[in-house]
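Note sheet for the following structure.
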Amino acid sequence: MSEMLLHDSAEKHVTGKSVYINDILINERLLTGRVVYSPHAHALIKSFDLTEARNLKGVHAVLSYKDIPGENQMGPVFHDEPCLAQEKVNCIGQAVFIIAAENEEIAMKAEKLIKVEYEALESILEIETAIEKGKLIAPPRKIETGNPDEVLKNATNIIKGILKTGAQEHWYLETQSCLSIPGESNEMNVFASSQNPNETQAIVAEVLGIAKNEVVVEVRRMGGAFGGKETQGNHVAAWSALLARATDRPVKIHLFRDDDQKITGKRHRFVSEYEIAYDNNGKILAYTVDLNCDAGCAADLSMAILERAMLHSDSSYYIPNMRVIGKAWYTNLPSNTAYRGFGGPQGMAVIENAVDMIARKLKKDPDEIRKINFYGVDTCNVTHYGEKVENNRLFIMHEQIHEMSEYKKRREEIKKFNNENEFYKKGISLAPVKFGISFTTAFLNQAGALVNIYTDGTVIVNHGGTEMGQGLHTKIQHIAASELGINPHKVKVNATNTSKVPNASATAASSGSDINGMAVKNAVDILKSRLTEVVLMEFNASNPQNPSKAEHIEFENDIIFDTEYPQRKIDFTEIIKKAYLHQVSLSAAGFYKTPDIHFNRETGKGKPFHYFAFGMAVSEVMIDTLTGRHQLLRTDILNDVGTSLNAAIDIGQIQGAFIQGVGWVTTEDMKWDEKGNLLNHSPDTYKIPTIQDIPAIFNVKLLEGYPNDKAIRKSKAVGEPPFMLAFSVWLAIKDAISAVADHKEEPWFVLPSTNENILLAIEKLRRKKMV
C-alpha cells in the first residue's frame, strides 16, 4: 500500500473528461434558470408585475415568493434568510425573482420586462455604523481565563490598538451551479455544487414543501469551494428546484462570474480592538480583545465562524490572563459565510500583529518574542477555553524551520541590504500556526459510509464527504484499499449521494479525511470480520488439528493469510466469490463519531478540538518604497500532517492554502460604494494571486516522525491550517515598511497590505521622521 496514488481527477482534468454540472448531458427539455436580484441595499418592495415577462415566448416560469409551495426560507441555522425576497430587500444581490426559459438570452429579455417598484431605505454598510446603531445579529459571546483586567491595570508595558481585517471573495473556478431534474410524483433529483449535500437536501425539501426522502442530492465534484459552497450552494439548488417543480422540466442555474460575486457572501470583515500587557522580556501577561465581525444581512454561519475566531485568538501562545468577546453585526450586504480557516485567520491576525508590536517596542526580533510565548509541553499548555494542548510540535518545528530557512543568517543579510538601499527595503518574518481540528458544533463530528464488494473483487465506496479538488476521494480510495489490503485500483469512490449515505455533515472544518476515513474503516472492519469467518472455514477444513484463529488473519497485497501459519493463504478475489456462495453479505454501512469533544458556550470552557495541527513558515519580501509594490522572494514552510495519507496531495494543499492566504493579506481588497454596490466584482477588477505572486523560492516540507494517533492511519488534517502561514508574508511586509524608519517606529498597518496601503504606511513613517 506504499504506492502514491495520483489525484482521483488528475487525468480527467487534463483531458477534459471530468464531469462538472455544466458537462452533464440533458435532453432538449432542459431550461436555463436566471436569478433576478435586488439593485438596492435596503428597500421596500412596493409592487411588482410579472405578466409581460411570463408572456414572453420561450419563458416557462417567472416565480416570486408567492409561488413557493413550501417555506420561503433557506437559512442554514437560523430561519432569517428568505429564498426569495418578500416585502423588502436587505442587500444588493438578494434574489427577488427567478426565471426559467429556453435559453439565457430569452431569460435576460424576460428580466427586463419585469416591473417592480422599490422604496429605498437607510442602509448599514460598515461595522462601525452597525455598532453605532446597536445592530447585533445575535447575543455577544465571551471566553475568559485568569484576571486580565487586574493584570492590565497594574502592568508596566501595555499596547492598545485596533486592527481591521478585510473581506475575501472565494473565487472558485466553477461558479455556483445546480441542475434539478423532476422525477415521478414529488421526486426531485438535484445535481449540486455543494459542500453540504445533506443540508442542500433539507433546504430543497423545505422550499418545495416535501419530505427529504423525495429529494436526492448528488455531488460528483466541485470546481473549488473554499467554504463558499458550504451553505450558499444551497441557494442555487433551491432556486433551480423551484423552477423545475414549476415547469416539470430539468432546470440548470450556472451563475455568471459577476453575478456570483455580487450575490454571494464573503470572508467576514473584522474590526478588532485589543489591549495587551507584557514584561520586559516580551512575555505576554494579559490580553483582551473584542472581535467585531460583519455578518451581512443574515446569520448564515456567522456565530460559528465568530466562535472559531474567539477560540483561535491565542494563536500559538500561552496567555494566562485573557478575555475575548465576540460580536456579529448586521449590515446590508450579502450574508457572509464560511471561508477556509472559518474565522481562525481573523482571530489570529490580531495577536500576531500585537506580538510583532511588542518586539518593536522592546527592540527585539519578533521571532524571539514568539518563541518565549509558545505553549509549553508539560506546563503552560492550557488554552483560554480550558483545553490542554497535547503533542505540542511548536518547539521541534521552530528548530527545524530555522535550519531549513537559514533564518538568522538571512536576518543579518537583510539588515545589511536595508542599510545600503534607500528605495528598496526587505523584510522577513516567521509565522506559527496551531489550529484546532473538529467542528466546534459537536454533533456535526459524525460521518457515514457504504462499502460494497462485488464478486470480481472490486470495491465501490460511498461516503458523506465531497470532492472539491482537495483530493478527498483519492485519500478515501487509499484508506479503503489499505484497510482491505488490496490494490487501490480495485477501489472506486463513487459520487456523494444522499440516498447512499444519509445525514452527513458538510465537508468542512478540515475534517473530511478524518471523519469520513474513519467511517470507511468502520465499514471495512465489518466486512473483514465477515470475510474472516469464511477464511477460517476454508483454512480449517483441511487443518482441523491446528485451526487458524481470527486474530491471526491478515489482509495484505491482495492476499489473506494466517500470520501463525503463513503457508495458509488465499487470494482476495477468490474469498469474495466463496463468501458470495456462502451467502455472506458483501455490503456494509460504516459510522464514526469523534470521541471526547465538548464545549459549553455559557462558560466558554471545554474541549472543542480532537487535536491540533501545527505549521510554521518563514517568508522574505522586498518592497519598492516609491510604488508600494512588493515581491515575495522566498517562503519556507514546514507543516505537521502526522503520517501523510498522500504526500503529493498534502503538499499541494499546503501550497494552495498558503497562496490563497497571501491573496487575502496582500492583493484582495474588496470595495463597496456608498450605496452598497460591490465595485470589484469581476476578474479584471478583483486581484486573486497569480503566478507572479508565488514565491520565487518556494520550499515546502512535511514534518516527519510525528504520527497522530487520534486520526485515520495516524494522519492529520491539512486543508485549512496552512492558510494562516500567509501571516509570514503580511508581517514580512510590515518588517520591510518598518525598516524605512530603522525599526524605531510602529508602522500603521491593516490587512490586506495592498500597494496602496504599503505606500500610505511608508508615507506616515516618513512624515514622522521629518517631524
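The values are calculated or read from the model by the stated rules, or taken from the named source; none is laboratory data. Predicted, not measured: the structure shown is a model, and the values here were computed from it. Neighbour counts are summed over all protein chains in view; Cβ atoms, including those assigned to glycine, are modelled from backbone coordinates with ideal geometry. Only protein heavy atoms, including side chains, enter the accessible area calculation; ligands, DNA and RNA are left aside. Shrake-Rupley method; radii C 1.70, N 1.55, O 1.52, S 1.80 Å.
Based on what the data block shows, is Ile26 over 26 Å from Val219 (Cβ atoms), open to solvent by 10 Å² or more (accessible area, probe 1.4 Å) and of a type outside the set (Phe, Trp, Tyr)? Considered against the rule, which asks whether it is over 26 Å from Val219 (Cβ atoms), open to solvent by 10 Å² or more (accessible area, probe 1.4 Å) and of a type outside the set (Phe, Trp, Tyr), Ile26 comes out as no. Counting just the residues of region 667-715 that are of a type in the set (Asp, Glu) and assigned to a loop (DSSP other than H, G, I, E, B), which one comes out surrounded by the most Cβ atoms within 10 Å (Cβ to Cβ)? Here the residue is Glu668. Restricting region 254-273 to residues that are part of a strand (DSSP E or B) and open to solvent by less than 10 Å² (accessible area, probe 1.4 Å), the residue that is nearest to His235 (Cα to Cα) is Phe270.
Among the residues making up region 167-217, a single one is open to solvent by 40 Å² or more (accessible area, probe 1.4 Å), touching a strand residue (DSSP E or B) at 6+ places or on another chain (Cβ under 7 Å) and not in a strand (DSSP E or B): Glu214. Lys229 satisfies every condition listed in (1) surrounded by fewer than 24 Cβ atoms within 10 Å (Cβ to Cβ); (2) out of contact with any strand residue (DSSP E or B) (no Cβ under 8 Å at 6 or more places or on another chain); (3) among the basic types (Lys, Arg) except (1). Output yes when any residue across region 282-300 is open to solvent by 10 Å² or more (accessible area, probe 1.4 Å) and among the polar types (S, T, N, Q), and no when none is. Scanning region 282-300 turns up at least one residue that is open to solvent by 10 Å² or more (accessible area, probe 1.4 Å) and among the polar types (S, T, N, Q). Of the candidates Tyr407, Tyr385, the single residue that is closer than 25 Å to Ala508 by Cβ and surrounded by 16 or more Cβ atoms within 10 Å (Cβ to Cβ) is Tyr385.
The numbered conditions (1) of a type in the set (A, V, I, L, M, F, W, C); (2) within 24 Å of Gly166 (Cα to Cα); (3) out of contact with any strand residue (DSSP E or B) (no Cβ under 7 Å at 6 or more places or on another chain) are all true for Met724 except (3). Considering the conditions (1) crowded, with 24+ Cβ neighbours inside 10 Å; (2) in contact with a His (Cβ under 7 Å, 6 or more places away or on another chain); (3) not β-branched (Val, Ile, Thr), Pro721 is excluded by exactly one of them, (2). Pairs meeting the criteria (first residue in region 687-708 and farther than 25 Å from Leu173 by Cα, second residue open to solvent by 70 Å² or more (accessible area, probe 1.4 Å), beta carbons under 8 Å, at least 6 apart or on different chains) are Tyr706/Asn391; Pro707/Lys714; Asn708/Asn391; Asn708/Lys714.
Taking (1) out of contact with any Leu (no Cβ under 7 Å at 6 or more places or on another chain); (2) over 22 Å from Cys178 (Cβ atoms); (3) of a type outside the set (A, V, I, L, M); (4) in contact (Cβ under 8 Å) with a residue 24 or more places away in the chain in turn, Glu11 satisfies each apart from (4). Annotation: Ser316 fulfils all but one of (1) open to solvent by less than 10 Å² (accessible area, probe 1.4 Å); (2) of a type in the set (Ser, Thr, Tyr); (3) under 13 Å from Phe270 (Cα atoms); the unmet one is (3). The criterion of at least 1 residues that are open to solvent by 30 Å² or more (accessible area, probe 1.4 Å) is met, among strands (runs of 3 or more DSSP E) falling completely within region 424-467, by 424-437, 446-453.
From the residues in region 539-572 that are open to solvent by 60 Å² or more (accessible area, probe 1.4 Å) and part of a helix (DSSP H, G or I), which one is farthest from Ala588 (Cα to Cα)? Applying the filter and picking the extreme gives Ala541. In the set Lys142, Lys109, Lys153, only one residue is modelled with pLDDT of 95 or more and assigned to a strand (DSSP E or B); that residue is Lys142.
The residues of region 363-391 that are in contact with an Asp or Glu (Cβ under 9 Å, 6 or more places away or on another chain) and in a helix (DSSP H, G or I), listed by number, are Pro366, Ile369, Arg370.
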